[in-house]
Amino acid sequence: MKVGLLGLGTVGTGTAEILLSPSGRNPLLKEIEIARIGVRSLSKPREVALPSDRFTTDLESIVTDPNLEIIVELIGGIEPARSLILQAIKAGKHIVTANKAVMARHGDEIYTAANEAGVYVLLEAAVGGGIPIIQPLKQSLGVNKIERVTGIINGTTNYILTQMQHEGSDFAEVLAEAQQLGYAEADPTADVEGYDATDKISILASLAFGGRIHYDDIQREGIRQVNVTDINYARQLGFVVKLLAIAQRDEHTHGSLQVRVGPTLVPEDHPLASVNGVNNAILVEADPLGQVMFYGPGAGKGATASAVVSDILQIISVLQSNAQNHPLLTCSHQNYCTITPIEELETRFYARFLCGDRPGVIGHLGTCFAHAKVSLESVVQIGFQDNLAEVVVVTHDVQEGNFRQAVESINQEDINVTSILRVL
Ligand code: HSE
């Protein structure tokens with residue numbers, strides 16, 4: 001299966017890295033070849049080892065190349081991405097893209113062209129980076145009636161708001177720091193003014209509620225005006241401030257939607273309140289499922305490439321499937337995995353002992369653990385039950401067999417283990 005890659009920036013490089021090291025991943029990946037790569041400059045040094053004769057600056061020659069079946073568009077922005085996608089569709093290619101802006105604003109003409117040409121346009125990487133959300137909305141959650149989608153879907157602004165909250169610094173200061181660390185772009189407009197989140201919620205709303213969305217109908221507000229004083233007052237009242245993107249059915253009208261992006265006070269015990277830093281999360285409320293939250297890295301080389309390659313895999317599996325055999329639905333495993341014996345598993349343990357309150361008890365515990373090569377992280381005498389002392393220990397990572405051996409040697413007349421729990 002020959003694939004043409006448009007763009008070899010961060011996500012393109014991550015995509016190539018996955019495809020060039022297929023071992024341990026889905027066996028279908030071995031069938032994918034990056035046959036052509038479109039770049040802006042041929043002289044730029046590249047992190048991935050791909051033959052130089054596959055590179056070109058002539059992107060049009062890739063989208064019209066009759067040997068290619070899938071075009072992966074990773075150049076971003078509106079043009080020339082839009083024209084190249086449309087040209088590729090016209091030439092009968094399937095499309096995989098991470099480009100939220102072009103899909104949110106020109107999805108109408110792109111999907112119309114794709115439906116006419118009988119090709120797929122997949123965009124898992126466009127929203128939430130590596131978090132699977134597009135496919136779940138289309139498939140796994142498809143039998144549900146979606147009531148609301150609430151997302152923290154811009155990592156840059158979530159990082160800035162988290163830092164403002166934790167450090168008490170103001171917006172400009174945190175933005176400058178985020179730019180230095182590479183978390184924010186030199187031109188941060190798309191992120192801090194909410195355009196990026198608006199593109200993404202437009203795509204999610206369309207999938208969740210089964211209709212196209214006019215991008216300009218979405219109410220958008222960024223985070224520039226969010227003040228550290230308000231963040232502090234919000235905290236005193238039990239809230240954190242997040243840039244939320246929300247799409248929900250309007251309860252007061254028949255069939256219309258509310259779709260908006262803006263800084264919002266979120267109760268501290270809400271599942272989205274603890275989503276911090278550059279992470280993203282999408283909370284879907286659905287009938288009859290209830291609440292389900294998708295959480296993880298919303299950007300970055302490997303994470304976004306994971307979503308890109310999963311879309312390539314989807315297309316290949318559809319192209320290869322027949323009535324008896326869909327590669328992603330059938331089970332093709334023939335070997336058994338080797339499972340490590342339980343006594344060799346490594347974990348931390350919590351154990352509570354009830355002991356006679358006499359000299360040397362703790363020493364005895366320590367000696368037994370030491371003999372069994374069990375290293376302790378903490379030993380706490382936490383109290384008494386009747387006239388017995390209650391001692392709790394937490395171990396470092398140890399082999400389960402060694403821990404069990406230690407406990408066996410500890411259990412004596414006046415020392416009994418009363419509970420053992422594993423510690424993550
Ligand atoms: N700029 C985006 C963010 C990542 O900050 O979340 C790409 O969608």
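Since every read-out is calculated from the coordinates, none of them should be taken as a lab result. None of these values were measured; they are calculated from a predicted model. Virtual Cβ from ideal backbone geometry, glycine too; neighbours counted across all protein chains shown.
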So for region 265-424, averaging the separation of alpha carbon pairs under 8 Å that are six or more residues apart and normalising by length, what relative contact order in percent results?
21 percent
Describe numerically, in nm with one decimal, the distance between label points set 7 Å from Cα along Cα→Cβ at residue 229 and at residue 91.
5.8 nm
Report, to the nearest 10°, how far helix 155-167 tilts away from the longest principal axis of the Cα atoms in the chain, using its own Cα long axis and a range of 0 to 90°.
40 degrees
Taking the simple approach of a point 7 Å from Cα along Cα-to-Cβ for both residue 221 and residue 412, what is their distance in nm?
6.8 nm
Size of the dipole of region 230-338 about the Cα centre, Lys and Arg at +1 and Asp and Glu at -1 on the beta carbon, nothing else charged, in debye to 20?
320 debye
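Under the classification rounded if a/c is under 1.5, otherwise prolate if a/b is larger than b/c and oblate if not, where does region 134-297 fall, given a ≥ b ≥ c as square roots of the Cα gyration tensor eigenvalues?
Here region 134-297 falls in the prolate category.
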Selection from 272, 67, 395, by position along the positive dipole direction of the chain (Cβ)
67
Candidates 24, 262, 290: whichever shows maximal mean-square fluctuation once the chain is modelled as a Gaussian network with Cα springs under 10 Å:
24
Could you derive backbone 3J(HN,Hα) for region 174-179 from the dihedral phi with the Karplus parameters 6.51, -1.76 and 1.60 (θ = phi - 60°), listing whole Hz in sequence and x where the residue is Gly or Pro?
5, 4, 4, 5, 5, 5
What number, rounded to the nearest 500 deg cm²/dmol, is the helix-based mean residue ellipticity at 222 nm of the chain, given -39500 (n - 2.57) per DSSP H run of at least four residues and division by all its residues?
-10000 deg cm²/dmol
C-alpha long axis of helix 10-20 to longest principal axis of the chain, angle in °
80 degrees
Gyration tensor (alpha-carbon) shape descriptor, region 54-202, a/c threshold 1.5
oblate
May I ask you to list the chymotrypsin sites (Phe, Trp or Tyr not before Pro) in region 300-355 that are in a DSSP loop and have at most 12 other Cβ atoms within 10 Å of their Cβ?
336
What GluC sites (Glu not before Pro) in region 29-105 are in a loop by DSSP, with at most 13 other Cβ atoms within 10 Å of the Cβ?
47
Restricting to DSSP loop positions (anything but H, G, I, E, B) with no more than 12 other Cβ atoms inside 10 Å of their own Cβ, which GluC sites (Glu not before Pro) remain in region 335-424?
413
Part-to-part distance (alpha-carbon centres) for region 235-307 and region 72-118, which is given in Å
27 Å
What is the distance in Å between the Cα centres of region 315-357 and region 158-230?
38 Å
Nothing charged except the Cβ atoms of Lys and Arg (+1) and of Asp and Glu (-1): what's the magnitude of the dipole of region 345-423 about its Cα centre? Round to the nearest 20 debye.
160 debye
Residues of region 77-96 with amide N under 17 Å of the 7 Å Cα→Cβ point at residue 116:
82-95
With angles folded into 0 to 90 degrees, how steeply does helix 361-371 sit against the dominant principal axis of the chain? Use alpha carbons for both and round to 10.
50 degrees
Semi-axis lengths, Å, region 38-124, gyration tensor of Cα atoms, sqrt of 5 times eigenvalues:
23, 15, 11
Give the long-range amide H neighbours of residue 377: residues separated by 5 or more places, or on another chain, with amide H under 5 Å away, using H modelled in the peptide plane at 1.01 Å from N.
394, 395, 396
Which value in nm describes the separation of the simple spin-label points at residue 404 and residue 250, placed 7 Å from the Cα toward the beta carbon?
6.3 nm
Relative contact order %, region 15-162, counting alpha carbon pairs below 8 Å whose residues are six or more apart
14 percent
In sequence order, what are the phi-derived ³J(HN,Hα) couplings for region 413-424 according to the Karplus relation 6.51 cos²θ - 1.76 cosθ + 1.60 with θ = phi - 60°, rounded to whole Hz, with x for glycine and proline?
3, 10, 10, 10, 7, 10, 7, 10, 10, 7, 10, 5
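Please compute the Kirkwood hydrodynamic radius of the chain from all pairs of different C-alpha atoms, in Å with one decimal.
25.1 Å
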Give the relative contact order (percent, whole number) for the chain; include only Cα pairs under 8 Å separated by 6+ residues.
15 percent
Among bridges DSSP assigns within the chain, what percent are antiparallel (round to 5)?
75 percent
For each of 391, 241, count neighbouring Cβ atoms within 10 Å of the residue's Cβ, then give the residues from fewest to most.
391, 241
